[in-house]
Structure formats: C-alpha cells, structure tokens
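For reference, the structure is listed below as structure tokens.
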Amino acid sequence: MLIDLHCHSYLSQGCTLDPRAVLERAASHGLDAVCFTETNTQDGCDELFDIGRTSKVKVFVGLELNTDKGQYLCFFPKPEQAPEPVQMWGSNRERPWSAEEALPKVRQLGAAIVAARPYDRDYPYPALDYILGLKLLSGVEGYNPKLRQSQNDLAVEAAEKLNVGCVGGSDARGSLDEIGFGATLFEDDLNSNEDLVKALLNGRFWAVQMGELPRPSRPGEAREVEAKRGKKKRRRWRN
C-alpha cells in the first residue's frame, strides 16, 4: 500500500490546499492513501475522515509537531481522542515546545513517532544528530522531495544507526504540484489509524522516491540555469 505520509491542507497555518483536491491529485499519481499531518494540531480530523469516506484514496490523520529540537510526525491510533499539543504544553508562540518533554508524552499516549526532515537547516530548530539518542522513534523521514539529496542521505544514515525504517512523503503545503514525488510503501493494506500505527511500530514500511521536484538547491540558481539555457538556444539558432 502506497501512502503519502506527510501532507498538509488548509487546516495547517499558512496552507491553502483543499483536502479534496489533494486526494484527487494523489489518486492521479497512483497513491492509495494520504495522511494529513497538520502542523501542531489534529483539530479537524473528523472533517478529513468524512472527506475520505467518499474519496478514491483512503485518509489517515497525523500531526506534525514542531519542537525545539526538530519536527516530528506523530500518529495516534485515535486522533480524534488525542489531546491537542497546546492543551498539554500551553502556547508555543514565545518559545517552541520542548522535545525532551513532548516526545515521551506523545509516545505514552500510544502514538508512533517519526523524525521529519531532521537535517533540514532551514527549520529554525533542526533536530540534526539529536535524533540519534531517541529510542522512541519508529522511523525517520528518509525521502522528502523538498530537501537536498545530502539532507535526505543524512536522514537515511541516521535511520540505519537507529535500526528503524525510513518513510517518505510529499510534505505538500504550497501547491498541488508538490504531490506525487514521495511516499511510503507498507507491506499490508491499512484501513484505519490503528492499522497505520501498528505498521509503523512493527517497522513494515519503506520510503519511496516517486520523482524529484524541480527545485533550485541554492538561491539564484534558477536564474543561472535559465541563463545557460538561453545561451544554448541562441547558439543553436545561429548554427
């Protein structure tokens, strides 16, 4: 079963993607399911599950938890019953939630935890090698199409050291065109969030690279590439 395990909708702050459109695009790429991992909230999971009942692809719900030591995808057996992060640790407006405090609590509540984009230095508080000391992880995001290959490679190496599997996902937030480049392959068919958590805890999954986003690796590179293309075209025209 092929699932985009890291995706956002308008339920995440700063995202405008309609979940129905996300599911339609996912179906066109051959995905079997999408897991919506909204940032710091699962409020709205009932709406997502309702939409999934009439969709061509299945819907799962998770949570993208932002902490002072990285981002983590948290998957609860019953997300509609899980407390909201703000209820457990208060507001994170002045300072991010503590990973040392939050992650054990999330695991205690029965969630499977995956380190998301741990070596992404664009995040203000990247996890980096902090995850190497986390024994409560069920996996590491080994393929995120928005990251450079070196950042994904470091995540894969970390997963090997931790002896856990790698997941993949689109991390779509800004455009439907971001969907269909990364996913996670599960050994079994999954029909509920309970099934998803069980599969993650048992390690029966693999990251899948379905494509590569045409994203410049550094500021200004897009203009350099286009300038080179223009020169090549002019040379061909003169010949």
Item checked: Tabulated pairs, the range 95-110, first touching a residue at least 24 places away in the same chain (Cβ under 8 Å) and more than 21 Å from ASP195 (Cα to Cα), second among the aliphatic types (A, V, I, L, M) and assigned to a helix (DSSP H, G or I), C-beta under 9 angstrom, 6+ apart or interchain -> TRP97/MET88; ALA102/MET88
Checklist line | Subset of the range 136-149 [in contact (Cβ under 8 Å) with a residue 12 or more places away in the chain and outside any strand (DSSP E or B)] | finding: LEU136, LEU137, SER138, ASN144, PRO145, LYS146, LEU147, ARG148
Check: Residue check: is PRO126 in contact (Cβ under 8 Å) with a residue 40 or more places away in the chain, out of contact with any Leu (no Cβ under 9 Å at 6 or more places or on another chain) and surrounded by 15 or more Cβ atoms within 10 Å (Cβ to Cβ)?
Finding: yes
Margin query: surrounded by 13 or more Cβ atoms within 10 Å (Cβ to Cβ), of a type outside the set (Gly, Ala, Ser), more than 28 Å from PRO77 (Cβ to Cβ) and in contact with a helix residue (DSSP H, G or I) (Cβ under 7 Å, 6 or more places away or on another chain): is that true of LEU190 in this structure?
Written below: no
Next item on the list: Taking only the range 98-119 into account, find how many residues are assigned to a loop (DSSP other than H, G, I, E, B), at negative phi and not aromatic (Phe, Trp, Tyr).
Entry: 4
Notebook entry, point to check: What is the number of the single condition among (1) under 18 Å from the mean Cα position of the chain (by Cα); (2) at pLDDT below 95 that ASN66 does not meet?
Noted result: (2)
Next item on the list: Run ILE113 past the list (1) within 19 Å of SER170 (Cβ to Cβ); (2) touching a helix residue (DSSP H, G or I) at 6+ places or on another chain (Cβ under 9 Å); (3) not small (Gly, Ala, Ser) and report the number of the one that doesn't hold.
Entry: (1)
Margin query: So ILE3 passes all but one of these: (1) touching a helix residue (DSSP H, G or I) at 6+ places or on another chain (Cβ under 6 Å); (2) closer than 18 Å to ASN144 by Cα; (3) of a type outside the set (D, E, K, R). Which condition number does it fail?
Written below: (1)
Check: Any residue at all in the range 40-55 that is of a type in the set (Val, Ile, Thr), under 22 Å from VAL167 (Cα atoms) and modelled with pLDDT of 95 or more?
Finding: yes
Margin query: If I ask for residues that are surrounded by fewer than 18 Cβ atoms within 10 Å (Cβ to Cβ) and outside any loop (DSSP other than H, G, I, E, B), which ones from the range 12-48 would you list?
Written below: ARG20, ALA21, GLU24, ALA27, SER28, THR39, ASP46, GLU47
Next item on the list: Considering every residue within the range 209-224, establish whether at least one is surrounded by 13 or more Cβ atoms within 10 Å (Cβ to Cβ), in contact with a strand residue (DSSP E or B) (Cβ under 7 Å, 6 or more places away or on another chain) and modelled with pLDDT of 60 or more.
Entry: yes
Item checked: Conditions (1) under 18 Å from VAL197 (Cα atoms); (2) more than 18 Å from the chain's Cα centre (by Cα); (3) not in a helix (DSSP H, G or I): number failed by ASN92 -> (1)
Next item on the list: Inspect all residues belonging to the range 138-159 and state whether any of them is over 23 Å from GLU212 (Cβ atoms) and in contact with a helix residue (DSSP H, G or I) (Cβ under 6 Å, 6 or more places away or on another chain).
Entry: yes
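Condition check ((1) surrounded by fewer than 20 Cβ atoms within 10 Å (Cβ to Cβ); (2) of a type in the set (Val, Ile, Thr); (3) in contact with a strand residue (DSSP E or B) (Cβ under 6 Å, 6 or more places away or on another chain); (4) at pLDDT below 95) across all residues:
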residue	(1), (2), (3), (4)
LEU162	yes, no, no, no
ALA172	no, no, yes, no
GLY182	no, no, yes, no
LEU185	yes, no, yes, no
ASP195	yes, no, no, no
LEU201	yes, no, yes, no
Item checked: Residues of the range 77-118 that turn out to be buried (at least 23 other Cβ atoms within 10 Å of the Cβ), under 15 Å from GLY133 (Cα atoms) and of a type outside the set (A, V, I, L, M), as a count -> 1
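The values are calculated or read from the model by the stated rules, or taken from the named source; none is laboratory data. As the structure is a computational prediction, the values presented were derived from the model and not from experiment. Note that each Cβ is placed from the backbone with ideal geometry, even for glycine, and that neighbours are counted across all protein chains shown.
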